[in-house]
Every structure is written in structure tokens, then in C-alpha cells.
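Accompanying notes for the structure given below.
The values are calculated or read from the model by the stated rules, or taken from the named source; none is laboratory data. All of these numbers come straight from a predicted model, not from anything done at the bench. So basically every Cβ, Gly included, is an ideal-geometry build from the backbone, and we count neighbours across all protein chains shown. Note: accessible area is taken over every heavy atom of the protein model, side chains too, but ligands, DNA and RNA are not part of it. Shrake-Rupley method; radii C 1.70, N 1.55, O 1.52, S 1.80 Å.
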Amino acid sequence: MTGASTTVSLDTESSSATWEIREDGFDRERAGYHESLMTVGNGRLGTRASLEEGHLGALSGTYLAGVYDAHDSPVIDLVNVPDWLATRVWVEGRSLDVDTLEVVEHERVLDLRTGVLTRATVFIDPAIGRVRLASARLASMADRDLCAQRIEVTALDRPVEITVVTGIETERRNLDRLPAYTEEPVLPASRRWEKWARSNHLRERERHLAPRAGDVVTETLGSGVRIAVAYDVRPQSEPTHDGVQAQGGTLATALTFEAAAGEPIVVEKVVAYATSRDPGRTTEPRVRALETIARHRSSDFAALAAASREVWARLWADSEVRVSGHRKDALALHLGTYHLLIAANPEDPTVSIGAKSLSGEGYRGHVFWDSEILLLPFFLYTQPSAARALLSYRHHTLPGARRLSAANGTRGARYPWEAADTGAEECPRWTPDGQHRFWTRDEELHVTADVAYGVMQYVAATGDTDFLLEAGAEILVETARYWVSRLERRDDGTLSLSSVMGPDEFHSHVDDNAFTNQLVRWHLEQAGAVASQLATAAPERGAIVATSLGPDLAEVEEWARAAAAIRPGRESDDGVIEQFAGYFERQELPISTWDKHNMPQYPAGYHHFNLEDTTLLKQPDVVMLMYLLPDEYSVESQRVNFEFYEARTLHKSSLSPPIHAIVGLRTGDSAMAVQYFERAAYVDLDDNQGNTAEGMHIAAAGGTWQVAVLGFGGMRLHDGRLSFTPHLPERWDRLEFTVGWHGRRVAVDIDHDGIGLTLCDEGAEVEVEVGGQRTRLRPGTLHRVPNPC
Ligand code: BGC
């Protein structure tokens, strides 16, 4: 078997260097990494880039957004659903696979422009000579219920008999416990996963098999979601034998061919998914899956790829961040954007994006504040309909959030720290080894204010007040009610939040965390403003909101009083805001060692769970507050706090470096910006946390976009208009991107001399700010301004 496996080829000038992810040679140790990185998907589903025939140590999986199950397991899982790739190729009775045959060549390429993953592997065996197995696969962006696969087998040396067995595999298992290695694992990659518990979430309800087609309906054991998968196999050459296979969980078509040397045998397959939870669809899933197949009866792989490519072209036109002058950064931005685009589904308002998107089982597919704070900005400005769908998920899960609040003795709605399909709290109580209690589920309350922040950002960026009326206002009102009942009155009349955890997860059971208190204050103010605005600006509709939700004037005034009474917290003489009550008295522990990426390391003897008594932070907390509410803190205050907390932040979350990059740039400290950008942008490309095999760090992809556009591009919403103060890094020659704002599109083009802005569509002029100066953009006219920095 061949060894070396490289990820990116950056030594050519071709555009492929910034648009393609390549795997050269098969390396079992790196298989899991490639499986995540080269995931194909369309927001409705994601499929890891496992070899279609499987191999020892593979972590294959297809995940459907919103399909969760917790049957017989302590924590709910994003279900590893029936596999649509399942393919075995036999040549003269020998199985073409990397476990049994020698591999002489292996190459895979994911084309980020089109979402098509291609493969070419040459196997050799004395009995069959060299045989090339090539494949292509895609999850269609044009029809999100559809996937397509193409298999091509070529005997290179002599005529042989080839049998292609392809269909679906229903016996799937989730990795019940994700391995946590403190030291190098003893087992090789091929055997590593075998010692880990695997859990089953599916029961088969029915199956149907015809000569070149089949379908199966499975059901999740606990949540009862029916999943229908139908396939249709289309050989491009005539087989000598046409059969079916139905063993165990396999349902497949088996086609045998007599192949001349050098003459490829081609088999194509289309697969359709439908589930009983698909919103707005009432027809039985099996019927819908078969209809999808029928709809595409006359399209071959090339036609399906072309239709999908068209949608991809539109997605890229709205979303690409183009960097000139640094190919690896350009590739990393394309890769991150690709993964963001395959993570969200604008057509489904009942799902959000898990911490590892649909690319792996890390965090079991649970949804965190990552969605509103790290991911949402990308969608707000490039794919507003997807942003709306993501926030609609929070509306959809509002009943669960109400139940969670009630269960904790409070009113209104409290969002869970980790969410799945219902809004219930899904965060495990203990670490997998049972050694440490997760307090995040009990105390990381800020997620409820983060959701409100997301709603307000969405409305500010899109002007979509209908969303406010249909869903946003209800979220704001119900969550405001939660805060008012959770706040505790102190003897001095101020209101406190005790025993909470801010974004910095090293410190639990703290009182008056500045981030949480201030975001709650802001949240109550916004909820009050929205309730009043709706009542006056849209009296008829506002009245509807008022009657169905019931906030009367007295309640709105109560929110205002509560907001004003929330404890401001201590501030040092030089203006450092104390992270929580008593933080300044905790032990100072200097950061003294850095890893090879120049990132801080834990001081000797310390780890995630024993830093409570110190001032070290896992990730930005006060700095995050200033990032989210920049207009509330002077640049000088942001600078002082950034400097203080920068020296104490270990960045032990991939959410952390991008925020420090941007706040650093905004406060004049650009020293670390490029390094922090790299940390976020390369986290999966370079697997620099060693766990890309568990899935992509999708929040870091969102953070990467934010550093490029909101940091280096210097864009933000200010006083109701787009504002730009670019900070182009030395190593970039040019940065180009397009942003949407209130239904308009602005193309931005920054180089070291200036910034060019073009209003792309027809309509009224739009006022923007560049370097603090207002200017009006006229449709179709380039406005070029010398670089303000
Ligand atoms: C971070 C959280 C984040 C979670 C999921 C944790 O390590 O501390 O802020 O929400 O990962 O990405």
C-alpha cells in the first residue's frame, strides 16, 4: 500500500490550488481526516468522504439535519442513517479494497466549486493485474433530496470479469463514545474504533428490491422518525448478469460484466432520501423518495452534476471571499465557505447547524451558541434565507425552551446549552470518562441572550421585519420573561445572576459574569424596544403580537427597570472590566509555553478542569462582550480590556482566535491577527487540533469568514448602515467579497491603496461609511476611496 498523503498542493499557479482539496495516496492514519474534510452535502444531508467500499478503521456516515435519536443512550445522537454509497467491486472473485489488495495509486479530489468528490484508485494483484476504480459523488444542491454516484472500473492489463454490487446499507452505528486520548493511542488507526461502544438507532420497517432498484424504510428507535431511502442503478454498458443482493442490512443490485482490457465499465446510481419529519411534506416518505427517483429518471450523473453546479455557481457568487497574494489563505477561505454552504438548508426552518455540521459525530450533532454568534454573520450577509431558517429553528424549539425554563422554576423560555430536535437540554452531565461534571448545561445561560442577539442582528442586516412579527418577537418576549424571573434582587436593590458560567468555561458557579449580565441587559432593552415599536409602527399586527404574547405596558416597563438594575460589575482603575465577581482576586498564572503554532499551552499540571482558581481563560469573555456590543465601549476601553485578557487567554476553543483577531484589529493591535486567522482558517486543513476526524470545526469556518470580512475587511453595521475600515494583511494583495444588506448587494474590493465599493443592483442609492466618512453608493458605479488605514 502506498504511504504519503498530502492535503493541499500549493505549488502551482492554477486555480485548482485554491479550489481543490486533494488526497494523494491512501494513508489509513489520515483516513478520518479526509473523511471529514471532503464531506459532500447540501444542508439537508452530509456524507463523509469514506471510500465507498469501506475499510478497517473507516468512520463513514451520512447525517440528515434534524434526525436525532436517544433510544437507550444517555445522550441524544445525530443519527448515522442508511448509507447511500455502499458499493463493492469484485474482479475475478477478488474484492477491490484497500484492506486486501495492494494500492499502486490513489487520488481523490473535492472540487469546492461544484461539491463533486472524485476518486481514482489503481489496485494490483497477480491474478487480475492492475485495475482502476474511479468514482464520483455528489449531494445535489438543485434537489436536496437527491444524491448521485458514478462508478467506473477499468481492467488495465487483461480482460476480466467484473461484478459491481451497489445499493444501500441500513445497518449503521453511531460511535457511542468519542475517544478521548490523553496520550498517543496504542492501537493502530485500523483498529482504534473497535474498542469504542457503537450504538444503533434504527429499526428496519420495510424493504423492496427490484432488479436495478431498491428502497428501504427505517425508523429511529426512540424519536420514531421514518427514513426512506430509494435507489436506482443505471449501468452504462450491458451486464452479462443482472442480480440482487439482500443480506443483513445490505440491499443492492449486482451487475456482472465481461470487460476488455482498457475498456471502462460504468455504473451510475441515484439515491433519494425522505423522512417523516420533513417540514411541510405530508406524503409518506417512501412515496416521496420514489417520486424523487422518478423525477430524475432520465438524468445521468453528468446532468445531475450540471444542475447542482448551477446552484453552486449562484451560491459562490454571493458568498465567495477571494484573496489574492496567499494561496493557502485563499484555499482555506474557500474550504470554510464550502463547509458553511453545505451545513445550512434555507428550505428547512426546523433545523440548525451542529458544532461539527453534518460532517461527523463530534458533539453528537448538538447545536450550541456557535450558530448565532460564530455562524450566523456569514449567512446574514451572504445567504439571508438560510439565516432566517437558522433562527426559525429557535422559534420551532421555543416550546422545548419553555419547558426547560419551567423545569428550572423560571418563567418564559430558556434555551438549552446543547440543543437537538426539541429545545430540551441535551448536554451530557459528565465527561465520557465520568471524571468531570459538565456545568455548562446548568450554568451557561448566556445562550438565551445569544439567540436574541442573533434575531436582532438578522433584522438589522436584512430589514426583514416580517420575521420579527412571525417569530422573532415571540422569541424576544419569552426569553425576556425568563431573564426577569431568573435575576435575583440583592440588598442594595441591584439585580444579579448568580452561579453562572460565561463563555469562558474554565470558571463555573460564578456570580455576575460581565458578559452574561451585559448581554441580558441589552436583551431586555431590545425586547422592550421591539414590543413598543410593534405596538406603534404596525399597530394592527403589533396588536396581534400583543394579544397572543401578552406583554402589556407594565411588563415592558418591568423589563426596562430590570435592565437598569442589573449589576454593572467592578472595573479596575485602569478600566479593566472584571470578568465576574471576585475574578480579580483569583491567582495569576503566567502563560509561559506556546505550541508549534505559537498558541498558549496549559501551565504544567493544569488542564481544562482545574483552572477555576486562576485568572486564565479558555476563550474570550469580556472581549467577546465588546466584540458583540462594540458601540457600547470606547475603542480605548476595548483596547485596555483586550490587552489585559489577551495575556490570560489560552484559546482552548476554536471559537476563540477569530474573535481576538478581530478585536485586536479594531483596537490597533494587529500583531497577532494573521496568526489567529491562521489558527481558525487552518484548524481542519492542517488538523491542528488533531480531531478533524470527528468532524469539521464549523464555528471556526464561520470565524474565519468573520476575520476576513469583519476583521481584515473591517466591515460592520454602524448606525443602521454598512461601515468599512479595512486592515488588509501585508501578505494579501487584494481582498474581494460581496455582502447583502436589506436586499441589496454591495461588492467590496480592497487592496493596499484603497477600497472599491459597487452597489450591484438597481434601485435607490445606499449610504455607507468608509473609515468613518459617509458616502453614497449609486447602482452600478464603482466608488473608490483611498485606504483609510
Ligand atoms: C466551547 C464552546 C462551544 C463548544 C462547541 C466548546 O469547547 O467552549 O464555546 O460552544 O465548544 O463548539
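Return a whole-number percent for the relative contact order of the stretch 629-723, with Cα pairs under 8 Å and 6 or more residues apart as the contact set. All intermediate terms of the calculation are to be shown ahead of the outcome.
On the way: 89 pairs, mean separation 25.1, N = 95.
The value is 26 percent.
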Next item on the list: Would you mind working out the magnitude of the charge dipole of the chain relative to its Cα centre, with +1 at each Lys and Arg C-beta and -1 at each Asp and Glu C-beta, to the nearest 20 Debye?
Entry: 1160
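Keeping every protein chain present and rolling a 1.4 Å probe, give me the accessible area per residue for the stretch 168-220 in Å². Don't skip to the answer; put the middle values down first.
Values: 3020 Å² over 53 residues.
Dividing the accessible area of the stretch 168-220 by its residue count gives 57 Å².
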Next item on the list: Let me have the relative contact order for the stretch 224-276, percent, based on Cα pairs under 8 Å that are six or more residues apart.
Entry: 53
Note to self: In whole Hz and in residue order, list the ³J(HN,Hα) couplings for the stretch 469-475 that follow from phi through the Karplus curve 6.51 cos²θ - 1.76 cosθ + 1.60, θ = phi - 60°; x for Gly and Pro.
What the structure shows: 5, 7, 9, x, 4, 5, 4
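As a test of the formula, what do you get for the chain when each DSSP H run with n ≥ 4 contributes -39,500 (n - 2.57) and the sum is divided by the residue count, at 222 nm and rounded to the nearest 500 deg cm²/dmol?
Values: 20 runs with 220 residues, N = 789.
Calculated mean residue ellipticity at 222 nm is -8500 deg cm²/dmol.
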Note to self: Leaving ligands and nucleic acids out of the surface, order 357, 60 by accessible area at 1.4 Å, largest first.
What the structure shows: 60, 357
Note to self: Please list, in order along the stretch 435-451, the HN-Hα scalar couplings obtained from phi with the Karplus expression 6.51 cos²θ - 1.76 cosθ + 1.60 (θ = phi - 60°), rounded to whole Hz, x for Gly and Pro.
What the structure shows: 7, 10, 7, 7, 8, 4, 4, 8, 10, 7, 5, 4, 3, 5, 6, 5, 5
Check: Using modelled amide H (1.01 Å from N, peptide plane; none on Pro or chain starts), what sits under 5 Å from the amide H of residue 614, excluding residues fewer than 5 places away?
Finding: 587
Notebook entry, point to check: What residue among 374, 251, 148 has its Cα farthest toward the positive end of the dipole of the chain, where the charges are +1 on Lys, Arg and -1 on Asp, Glu, each on the Cβ?
Noted result: 251
Notebook entry, point to check: Which cross-chain or sequence-distant (5 or more) residues have an amide H under 5 Å from the amide H of residue 222, H modelled 1.01 Å from N in plane?
Noted result: 70, 71
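Note down the magnitude of the dipole of the stretch 644-712 about its Cα centre, charges +1 on Lys and Arg C-beta and -1 on Asp and Glu C-beta and zero elsewhere, to the nearest 20 debye. Intermediate values should be presented prior to the final figure.
Numbers: 4 positive and 7 negative charges, 57 e Å.
Dipole size: approximately 280 debye.
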Notebook entry, point to check: If you rank 238, 361 by how much accessible surface each has, with a 1.4 Å probe, what is the order from largest down?
Noted result: 238, 361
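Please give the net charge around residue 586, taking every other residue with its beta carbon less than 11 angstrom from that of residue 586, where Lys and Arg add +1 and Asp and Glu add -1. Show your work: numbers first, answer last.
Values: positive: 648; negative: 578, 585, 588, 612, 613.
Within the 11 Å Cβ shell, the charges total -4.
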Notebook entry, point to check: Which of 676, 661, 777 sits farthest toward the positive end of the charge dipole of the stretch 641-789, with +1 on the Cβ of Lys and Arg and -1 on the Cβ of Asp and Glu?
Noted result: 777
Notebook entry, point to check: For residue 607 and residue 441, what does the FRET efficiency come to when R0 = 25 Å and r is the distance between their Cβ atoms, rounded to the nearest 0.05?
Noted result: 0.80
Notebook entry, point to check: Taking only Cα atoms, what is the 0 to 90° angle, nearest 10, from helix 285-295's long axis to the longest principal axis of the chain?
Noted result: 70
Check: Taking only C-alpha pairs under 8 Å that are 6+ residues apart, what is the relative contact order of the chain in percent?
Finding: 11
Margin query: Using the Cα centre of the stretch 76-149 as origin and beta-carbon charges of +1 (Lys, Arg) and -1 (Asp, Glu), tell me which of 100, 118, 79 is placed farthest towards the positive end of the dipole.
Written below: 118
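Using +1 on the beta carbon of Lys and Arg, -1 on that of Asp and Glu, and nothing else charged, what's the dipole of the stretch 172-308 about the Cα centre, debye to 20?
Details: 20 positive and 18 negative charges, 133 e Å.
Around 640 debye, computed over the stretch 172-308.
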Checklist line | Shape call, the chain: gyration tensor on alpha carbons, a/c limit 1.5 | finding: prolate
Check: How much solvent-accessible surface does residue 785 expose, in Å² to the nearest 10, with a 1.4 Å probe and all protein chains in place?
Finding: 50
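Rounded, prolate or oblate: which fits the stretch 348-445, taking a ≥ b ≥ c as square roots of the Cα gyration tensor eigenvalues, rounded meaning a/c under 1.5, else prolate when a/b beats b/c? Don't skip to the answer; put the middle values down first.
Working: a/c = 2.23, a/b = 1.29, b/c = 1.72.
It is oblate, given that a/c is not under 1.5 and a/b is not larger than b/c.
Quick check: net charge around residue 280, other residues with Cβ under 14 Å of its Cβ, Lys/Arg +1 and Asp/Glu -1? Kindly include the intermediate steps, with their values, before the conclusion.
Details: positive: 44, 144, 277, 281, 288; negative: 145, 278, 347, 348.
Here the count lands on +1.
Please say if the stretch 188-301 is rounded, prolate or oblate, where rounded means a/c under 1.5 for a ≥ b ≥ c the square roots of the C-alpha gyration tensor eigenvalues, and otherwise the choice is prolate for a/b larger than b/c and oblate otherwise?
Working: a/c = 2.29, a/b = 1.26, b/c = 1.82.
Cα axes put the stretch 188-301 in the oblate bin.
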Margin query: Under 27 Å between alpha carbons, and skipping anything fewer than 8 positions from residue 328 in its own chain: which lysines qualify?
Written below: 356, 596, 652
Notebook entry, point to check: So for 366, 241, what's the accessible-area order with a 1.4 Å probe, most first?
Noted result: 241, 366
Check: Once phi is turned into θ = phi - 60°, what whole-Hz ³J(HN,Hα) does the Karplus curve with 6.51, -1.76 and 1.60 give for every residue of the stretch 499-513, x standing for Gly and Pro?
Finding: 6, 10, 9, x, x, 6, 7, 6, 10, 10, 6, 9, 9, 6, 5
